[in-house]
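A short write-up of the structure that comes next.
A short reminder: the numbers here are calculations on the coordinates, not readings from a lab. Note that the coordinates shown come from a computational prediction; the quantities given were computed from them, not determined experimentally. FYI the Cβ positions are ideal-geometry reconstructions off the backbone, even for glycines, and counts take in every protein chain you see.
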């Protein structure tokens, strides 16, 4: 999916690319449907829309687990999946209604910086 900077999701993707030009992929996703609102990839092998659909299930399962554990006073800020060479970061926004999915190479991007870049987009996507 291409993105247009004329809508908030597309603008958020563009802002993230500007701040992290070495990223592998990024997507803004509707958490309920799994629909990608905007995405971009620098990798011919990573489809952010497919990844977003699967990661929607990760988010839903973690939310179910929190309910089962009665963690009612807690909310998910982000979910980190660490691979051998990549970091996959899922940052929930707008009370969990949307999330930003970001993939970066560990050698190219500091996790704290990546988290901050995603958090800066939250006001745009509410």
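Fully extending the segment from residue 79 to residue 61 would add 5.3 nm, taking 0.36 nm per residue of separation and subtracting the current Cα-Cα distance. Site pair residue 53 and residue 19 shows an inter-label distance of 2.9 nm when each label is modelled 7 Å from Cα along Cα→Cβ.
For the chain, what value does the Rg/Rh ratio take when both radii are computed over Cα atoms and Rh is the Kirkwood radius, given to two decimals? Across the chain, the Cα-based Rg/Rh ratio is 0.95. Among 58, 28, 103, which one moves the most in a GNM of the chain with springs linking Cα atoms closer than 10 Å? Fluctuation is largest for 58.
Sorting 108-114, 96-102, 63-69, 48-54 by average packing, meaning the other beta carbons within 10 Å per residue, from highest down gives 96-102, 48-54, 108-114, 63-69. Relative to the dominant Cα principal axis of the chain, helix 48-68 is inclined by about 20°.
Suppose a student asked you for the relative contact order of the chain, using Cα pairs under 8 Å spaced at least 6 residues apart; what percent would you report? Show your work: numbers first, answer last.
Numbers: 214 pairs, mean separation 33.6, N = 126.
Normalised by residue count, the contact order of the chain is 27 percent.
Counting beta carbons within 10 Å around each of 107, 119 and listing the fewest first gives the order 107, 119. Label positions at residue 70 and residue 94, each projected 7 Å from the Cα along the C-beta direction, are separated by 3.3 nm. For the chain, the longest principal axis of the C-alpha atoms and the axis of helix 8-19 are separated by about 60°. In plain terms, the residue of 82, 41 with the fewest other Cβ atoms within 10 Å comes first and the most crowded comes last, giving 82, 41.
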